[in-house]
Amino acid sequence: MTHKQAIIVGGGPAGLAAALRLKEKGVNDILILEREKLLGGILRQCIHDGFGLTRFGESLSGPEYAQRFIDRVLDAGIECITDCTVLDITPDKVVTAASREHGLMQLQADVVLLTMGCRERTRGALATPGTRPAGVYTAGVAQNYINLQNIMVGREVVILGSGDIGLIMARRMTLEGAHVKGVYEVQPYPSGLPRNIEQCLNDYHIPLHLSHTVVDIRGRERLTSVVVAQCDERFRPIPGTEEEIPCDTLILSVGLIPENELSLAAGVELDARTRGAFVDEHCQTMVPGIFAAGNVLHVHDLVDFVSLEAEALADSAAEYLLQGSLPACPLEVKAGNNVGHVIPQRISGTRDFTLSLRVRQPLVNVSVVVRQNGREVLRKKMRKALPAEMIQLPVKAAKLTDDADMEVCVE
Amino acid sequence: MQNYDVIIIGGGAVGSAVARELTRWRLSVAVLEKESDVCTQTSGRNTGMLHAGFLYKPGSLKAQCAVEGNAEFDQVARELGVPFKRTGKLIVGFTEEDKARLEYFIERGRINGVPGMELIDRKRMDEIDPSAGGNFAIHCPSSGILDPFIYTIALAENAVKNGAKYHLYTEVTGVDRLDDGRHVLHTSQGDFSCRWVVNSAGLNSAKVSAMLGIPGYVIQPVKGEYFVLDKKAGAFAKIPVYPAPTAKFTFDTHATPTVDGNVLVGPNSFNVEDGEDYSVRQVGMDGLQESGARMFKHMKRDYYIRTFAGARPKRIDPATGEVQDFLIECRDDVPGVVNLVGIESPGLTSALPIARRVVNMIREREELAPNPDFDPIRRGITRFHEASREEQAKLISENPDYGEIVCRCETITRAEIIAAIHNPLGVCTVNGIKVRTRASMGRCQGGYCETRITAMIREELKKAVTDVRLTNGDSYMFTGYVKGGEQA
Amino acid sequence: MKRTFTCIVCPNGCEIEAEYEGTEVLTVTGNLCPKGRTYVTQELVDPRRTIATSVRVTGGTLPLVSVRLTNAIPKDRIFDVMREINGRTLTAPTHIGDIVIKNILGLDSDVIVTKNIQKV
């Protein structure tokens, strides 16, 4: 069986950033496996700008952001197999993959880096009532057709969910001549970033209806209309508020789910809150030598943070490879009041690490408070905290003890 | 005008079984199907259950055909390449009243000739499937699960292999009988003529029967809604779990593993006017969540991947509203017509037994010569994900298209999609590819592969973007190009 | 006059409370950086946006190449700019940074390619 020091599953932003950092750290025997014909992952279809402000200090489109990493990966001579789908990963890190060119491959890795990204929630998962006509697309699928394949999916558009991709597609389809009639969000607050509400909806006079959802989908062949209704605080439609909106297209932007089927095969344990792996401060899953970062671990708001997280992963993976082990992480990090989830879920208490979290609902004038055994380790004031935005805080080892679990609250 | 010996109206499981059985004889056979494919209606919208036959009145066609169809299905599945598992079934009860009814059905099953049924306690149930609800159950070992899409498609493909012709998008709008006894069928695609007409129009069977000169039947469509659950839930489901039949001898919501490892929860059951309205209702879904959880302990929202609805064409007595048996008739006052009305559950199990009865009715009225070239074998598309690692390596080395995974959830390769696009029936819809391969039937519901599949359909069949259809009728997927100009 | 602006300069998306007279900004609060004040001023005087879209490519591995503007343009000219871009076709290969339209409509912004597309 062919042996590799590091196999990276997925050549999107996380995988590319991790590969480069591994190489810089002196790991030379790296293989990236990518199922698409080209590297870059979902960024290839994200042609809007706004990427790279943190990373490069300029506003790039998705393909440009990706290309900067791709160029460096190729220059560094890192081996990549594209058009190659990983079928299985075992807990002892045997990776099975299929490709046209290389056939069925079985590879033994010392470390496996899970950087598969995420997928979109579908209508089926929502169980939205109605018929099943053509014209119902998730935002990412519509984006693929419109931005990569030159195919227009519809003309009269309703968008369900205010996730960022849905907002981006509202603007994108408007620019290409479609009429976006409105965005309907079941929550009382938007799930996308404020700047996207402003520049994708408000700029184009597209109404955003909060606390609304689609309660019926109509049309037997092509979509003919949807029925929307106002929802109460428990997200139940309020009878009598229904309104039928004629349209030929419904775009769903109702959430992203980390793509963890391969992780499960590898014996990796998942966190029900993030739907990604439980990881320690080294981005290592509970299976030694298997690491995860990027949207496969938890859904990020910005690709810049995906790259950063993947680089942190690579630092640890390189240490694991070159030193033979990583410090144990016996301390648990718990999501406390108002906190939806935290990454990592385990720490050593002896090293610096970056804490990522999201709040459960929009909050103003709050503090993120990190405690060990009731002792305050860190407090950060925030004027506002939105579920749409990932909060990241560097935590210094000097402030930590190595004998108590940690709790993160927003107060 | 196209002329045939026999024309079958309706290409569902029963119509296709009739076509297949007729091609054992020297006859020119055509099937007229008004939809885009052979399994878009009742045949594709059900639980995929191979029924045992204990539910039906002794001596009825439903009882006879189900028992007959059940007994032969191992061989049928082998011949036609149909995914099938003889799982057995649990019919579970909670109360003493349930128990009495279960005992009644064990006796009925015995009379109908259903083998091996027995009443078991919770301990035995736990050995068979701990995720099943209920305090006790009938264990019926002869029940099974099959892929209803592939079964219908396989019957149709085998009929085509043996000479039958399928005309899709062909809706019969009227029938004339000529002086020489032949029938002229007016359709949305022009006129057809034939000596024999078989009505297997399912939900429209009463309407077609009237067109053929046999009015008076009433079809009551009974709709049912379903959830499809993720394979993660399927890992818990070992065997179909049905509740004790209702006082009206019908089953309420059940939970059934599919041959592919998902779980179906449903159907509920309610009368509708329009059987071809397949919308699902919020109230229906809410009800299924609750009743499904009684049958299957792992029923939860996290596992939802899809909902669907189907309708059973029940023939009812217009006077009493009572549900009646299958109707299989060939009347001397309406010669040249075999009429199938009210073929509902257990229609899938009964498809071939019904088809043989149809053939026999024709043979009683005219001499048929056997077709010496008839081949009962139909080979399906070789499925990559069902192959061992060694076989997978071999498949890719022989055809590199097997190395390109198009649907990652179900591990379906480009080779399988291409084979499906060039299917013998000439079906070219996105859903047609889906039911033939399972691509986009997984948890991401086509989020990854649909864009690839539509591109392959356009490429392989040289279709314009505006000609790609999701399923029936004008279910166009796309409105045109984003940017005009010369298109590659 | 008082108004709330959502700053679009960076992903922070600050909610800025601004007091202003005509196009003169008197006070701003809520912005995390000085760019917020500049943004509000610009919004009052001459709101500008960048856009991203695509252009037909012939002879390439993809039928479209993504493009964007190098500088923001007046918001009310967005659809004029789209019309101008829609007429264009490129021939593969394309390279990131290639200029598709220089100084589009005299608006001091170039349309540049944002994706490398190889020739088939």
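Read-outs throughout are calculated quantities, based only on the coordinates presented, and are distinct from any laboratory measurement. Nothing here was measured: the structure is a model prediction, and the numbers come from that model. Because the Cβ atoms are built from the backbone with ideal geometry, glycine has one as well, and the counts that use them run over all protein chains shown.
Worth pointing out:
- Evaluated at q = 0.06, 0.10 Å⁻¹: base-10 log I(q)/I(0), Debye formula over Cα of the protein assembly as shown: -0.50, -1.27
- FRET efficiency for B:Glu366 and A:Glu36, using Cβ-Cβ distance with R0 set to 51 Å, rounded to 0.05: 0.30
- Both the radius of gyration and Dmax for segment A:48-178 are 19.2, 52 Å, in that order, over alpha-carbon atoms.
- With Cα atoms, 0 to 90° folded angle of helix A:62-75 axis to chain A main axis: 20 degrees
- Simple label model, 7 Å out from Cα along Cβ direction - A:Leu74 to B:Lys207, nm: 5.8 nm
- For segment C:2-45, the alpha carbon convex hull comes to 54 Å³ per residue, rounded to a whole number.
- DSSP beta bridges confined to the protein assembly as shown are antiparallel in about 70 percent of cases.
- For a paramagnetic label modelled on A:Lys25 (point 7 Å from Cα along Cα→Cβ), amide N atoms under 14 Å away belong, within segment A:305-333, to A:308-327.
- Projected onto its three principal axes, the C-alpha set of chain A covers 63, 57, 38 Å, listed from the longest axis down.
- Chain A: angle of helix A:164-175 to the longest principal axis, Cα-based, in degrees nearest 10: 50 degrees
- Seen against the Cα atoms of chain C and their longest principal axis, helix C:35-45 is set at about 90 degrees.
- P(r) tail fraction, segment A:260-411 - alpha-carbon pairs more than 19 Å apart, %: 51 percent
- For segment A:271-352, the spread of Cα positions along each principal axis, largest first, Å: 38, 28, 22
- Within chain A, longest stretch free of exposed trypsin sites (Lys or Arg not before Pro) [DSSP loop, at most 12 other beta carbons within 10 Å]: A:38-233
- Helical content of the protein assembly as shown, expressed as a calculated mean residue ellipticity at 222 nm, amounts to -7500 deg cm²/dmol (DSSP H runs of 4 or more residues, -39,500 (n - 2.57) each, divided by residue number, nearest 500).
- Electrostatic tally near B:Gln64: other residues with Cβ closer than 12 Å to its Cβ, Lys and Arg +1, Asp and Glu -1, net +2.
- Applying 1/(1 + (r/R0)^6) with r as the Cβ-Cβ distance of A:Glu376 and C:Thr89 and R0 = 41 angstrom yields a FRET efficiency of 0.10.
- Qualifying trypsin sites (Lys or Arg not before Pro) in segment B:229-264, where qualification requires a DSSP coil assignment and no more than 11 other C-beta atoms within 10 Å, comprise B:Lys248.
- Distance cut-off 22 Å, percentage of C-alpha pairs in segment B:378-488 lying past it: 34 percent
- Of C:Asn103, C:Asn12, C:Asn31, the one that fluctuates the most in a GNM where chain C has Cα springs shorter than 10 Å: C:Asn12
- For B:Lys300, the lysines whose Cα falls under 30 Å of its own Cα, not counting residues fewer than eight places away in the same chain, are A:Lys334, B:Lys85, B:Lys89, B:Lys99, B:Lys123, B:Lys223, B:Lys231, B:Lys232, B:Lys238, B:Lys248, B:Lys434.
- Annotation: amide H of B:Phe296 within the under-5 Å range of B:Gly133, sequence separation 5 or more or interchain, hydrogens built in the peptide plane.
- Kirkwood Rh, angstrom, segment A:1-107 [1 / mean 1/r, Cα pairs]: 14.4 Å
- For segment A:331-411, the equivalent ellipsoid derived from the Cα gyration tensor has semi-axes of 21, 12, 11 Å, listed largest first.
- DSSP bridge pairs, segment A:331-411: antiparallel proportion in percent, nearest 5: 90 percent
- Debye log10 I(q)/I(0) for segment B:387-433, one point scatterer per Cα, at q = 0.22, 0.25 Å⁻¹: -0.79, -0.91
- Rg and Dmax, both from the Cα atoms of segment B:71-224 and both in Å, are 22.3, 68.
- Chain A: antiparallel DSSP beta bridges as a percent of all, rounded to 5: 60 percent
- Local net charge near A:Ala142, Cβ-Cβ under 12 Å (Lys/Arg +1, Asp/Glu -1): -2
- Whole-number D in µm² s⁻¹ for chain C, Kirkwood Cα-pair radius fed into Stokes-Einstein, 10 °C, 1.306 mPa s: 99 µm²/s
- Mean Cα-pair separation over length for segment C:45-94, i.e. relative contact order, pairs under 8 Å, 6 or more apart, %: 46 percent
- In nm, spacing of pseudo-spin labels at B:Glu460 and A:Thr90 (7 Å Cα→C-beta vector): 3.4 nm
- Virtual paramagnetic centre 7 Å along Cα→Cβ of A:His3, amide N under 16 Å, in segment A:75-95: A:92-95
- Using the Cβ-Cβ distance between B:Ser188 and B:Lys85 with R0 = 35 Å, the FRET efficiency computed as 1/(1 + (r/R0)^6) comes to roughly 0.35.
- Exposed chymotrypsin sites (Phe, Trp or Tyr not before Pro) absent - longest run of chain A, DSSP non-H/G/I/E/B, at most 16 other C-beta within 10 Å: A:57-234
- For A:Ile217, the shell of other residues with beta-carbons less than 9 Å away shows a net charge of +2, using +1 for Lys and Arg and -1 for Asp and Glu.
- Estimated distance in nm for a label pair at B:Met1 and A:Asp352, the labels positioned 7 Å out from Cα along Cα-to-Cβ: 8.9 nm
- Cα Rg, Dmax, chain B, angstrom units: 22.6, 74
- Tail beyond 25 Å, pair distance distribution of segment A:133-247 (Cα, percent): 18 percent
- Gap separating the Cα centres of segment B:129-197 and segment B:207-273, nearest whole Å: 18 Å
- Computed from the alpha carbon atoms alone, the convex hull of segment C:52-113 holds 68 Å³ per residue.
- Exposure proxy ranking, count of Cβ atoms within 10 Å, fewest first, for B:Phe105, B:Phe384, B:Phe251: B:Phe251, B:Phe105, B:Phe384
- In segment C:71-120, the trypsin sites (Lys or Arg not before Pro) that fall in loop regions by DSSP, at most 11 other Cβ within 10 Å: C:Lys102
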